[in-house]
Each structure stands twice: as C-alpha cells, then as structure tokens.
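What follows is a single structure, written as structure tokens, with notes after it.
The values are calculated or read from the model by the stated rules, or taken from the named source; none is laboratory data. This structure is a prediction, so every number in the text was calculated from the model and none was measured. Neighbour counts are summed over all protein chains in view; Cβ atoms, including those assigned to glycine, are modelled from backbone coordinates with ideal geometry. Each accessible area value is taken on the protein alone, full model and side chains, heavy atoms only, with ligands, DNA and RNA left out. Shrake-Rupley method; radii C 1.70, N 1.55, O 1.52, S 1.80 Å.
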Amino acid sequence: MEQILKLLEKNARLSVEDLAAMLDMPTQEVAALLDEARAKGYIRGYRTLVDWQAFGADRVQAVIELQVKPKKSRGFDEIADRIADFDEVESLTLISGGYDLQLVMSGRSFQDIALFVAKRLSPLDDVLSTATHFVLHTYKKDGARYVIEEPDEREYN
C-alpha cells in the first residue's frame, strides 16, 4: 500500500495498469488497494499543481499565522474547524512556535486577502492575533520545482 501511495503522491495521473506494471502486481490487487485507500481516507483527492504565475493569472497567495485561544474541552480543534470552513482557506495546520495555526489562502489581490483577514478571520472570538505574509515567488511546491532556469545574461567569460 505504501508504495502505491508514494507513487500516486508524485504523479496522480498514474493509471491502475501503470501502477500494477511498476510494482509487478496484478491489476485487480492494485485496484482493490486503491479502493481501500480511498475508503480509509488515505487518499483525500487528486490534484494538479498549476503555476498560476507562469499562466499569467492575477493571483496573490498569503501565509497567515494565527494565535488562538484553545478551548478546554476541544483544544484547538473547535477554532480550527471554524476557520477550515472558509472557502478561501486552502490549507490549515497546527504548528509549534510563536503561533498556533498557519493557513494558506489565495486571492485576486493583496486587498482581497487583507479584507478576508480584517472582516472574517480577525473578528472570530478565539483569534487573538494574526500575522500575514504574502508569497512573492514560488520556487518549489509539493515537491515540484517552479523555476524555469534561464541563462544569466550578466555572466561573462
């Protein structure tokens, strides 16, 4: 199972037949393992990594750190569940260090993100503080490099 998951994590477009050939396993066995992985929640979805900057789309991404007040009965889960419900939130993780939660979101502009933080995120009762960091350039994401190497014209012989 672990080998199948690792292969799919690198390339979600692999077919059952491709996986079976790569792992020297019967197709039916691979199909059954994939069904099991989906049923048990090991596979949460299939994604395509898009380089929106290369595409030329107006898109700004931000990493937002939050200090929150955990609840006695549920810890960070209650506030995290509320924040995760926002459609704008792409990822949300509990982290160690100076902040409790880290979320990643995208918008069409810096103002879109600033308004989300000011009007939807900060007013939540359990949010104590936020720190917003705008992504200026992506070099690598989810294991894929986003940099197209171009020759440096400043170099000389």
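Which of the residues that make up the stretch 87-128 are more than 17 Å from Asp58 (Cβ to Cβ), assigned to a loop (DSSP other than H, G, I, E, B) and open to solvent by 30 Å² or more (accessible area, probe 1.4 Å)?
Within the stretch 87-128, Asp87, Ile95, Ser96, Gly97, Gly98, Tyr99, Asp100, Ser122, Pro123, Asp125 meet the criteria.
What's the number of the condition Ala62 fails, among (1) open to solvent by 50 Å² or more (accessible area, probe 1.4 Å); (2) touching a Phe, Trp or Tyr at 6+ places or on another chain (Cβ under 9 Å)?
Against the list (1) open to solvent by 50 Å² or more (accessible area, probe 1.4 Å); (2) touching a Phe, Trp or Tyr at 6+ places or on another chain (Cβ under 9 Å), Ala62 comes up short only on (1).
In this structure, is Asp18 surrounded by 13 or more Cβ atoms within 10 Å (Cβ to Cβ) and without any contact (Cβ under 8 Å) to a residue 12 or more places away in the chain?
For Asp18, the condition - surrounded by 13 or more Cβ atoms within 10 Å (Cβ to Cβ) and without any contact (Cβ under 8 Å) to a residue 12 or more places away in the chain - is met.
Answer yes or no as to whether Leu5 is outside any loop (DSSP other than H, G, I, E, B), over 20 Å from the mean Cα position of the chain (by Cα), of a type in the set (A, V, I, L, M) and surrounded by 11 or more Cβ atoms within 10 Å (Cβ to Cβ).
no
State which residue is modelled with the lowest pLDDT when the search covers only the stretch 65-77 and only residues that are of a type outside the set (Val, Ile, Thr) and surrounded by 14 or more Cβ atoms within 10 Å (Cβ to Cβ).
Checked the stretch 65-77; the qualifying residue modelled with the lowest pLDDT is Pro70.
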